[in-house]
């Protein structure tokens, strides 16, 4: 089965980030953040409201929502890595701080598939 590659006008990877999901081009804003605003249980926002809030084109917000709704593998990889870090933090921290030591943080990230 051939892989389908989608080209986005407003979204691209951010090589400076540990996140694999796409970002709004030229920003540090992850597509998932915009999608979360749209789905918020407390105060769901319309595409137009999100675009105005973040000073983005409506098309960029629509692309971010469509991208996240497609359940891209890199987004799922980010979720797994974050969940592994949260779990490791919960189970560590004898002093009650629940912070991971840098080497433990790096180990968890490696095991979760981060570079």
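Computing FRET efficiency as 1/(1 + (r/R0)^6) for residue 18 and residue 59, where r is the C-beta to C-beta distance and R0 is 22 Å, gives about 0.25. Given their separation in residues at 0.36 nm each and the Cα-Cα distance between them, residue 90 and residue 42 gain 14.7 nm when the chain is fully extended.
For the listed peptides 76-86, 56-66, 18-28, 37-47, a ranking on the average number of other beta carbons within 10 Å per residue, highest first, reads 56-66, 18-28, 76-86, 37-47.
In this calculation the C-beta distance from residue 83 to residue 33 is compared with R0 = 22 Å, giving a FRET efficiency of 0.80.
Ratio of Rg to Rh for segment 11-70: 0.95 [Cα atoms; Kirkwood radius as inverse mean 1/r over pairs].
Separation of segment 5-31 from segment 40-79 is 12 Å, based on Cα centroids. Here the calculated FRET efficiency for residue 76 and residue 52, from their Cβ-Cβ distance with R0 = 35 Å, stands at 0.75, rounded to the nearest 0.05.
Only the coordinates and a few stated rules stand behind these numbers; no lab work does. Predicted, not measured: the structure shown is a model, and the values here were computed from it. Note: ideal-geometry Cβ built from the backbone for every residue, glycine included; neighbour counts use all protein chains shown.
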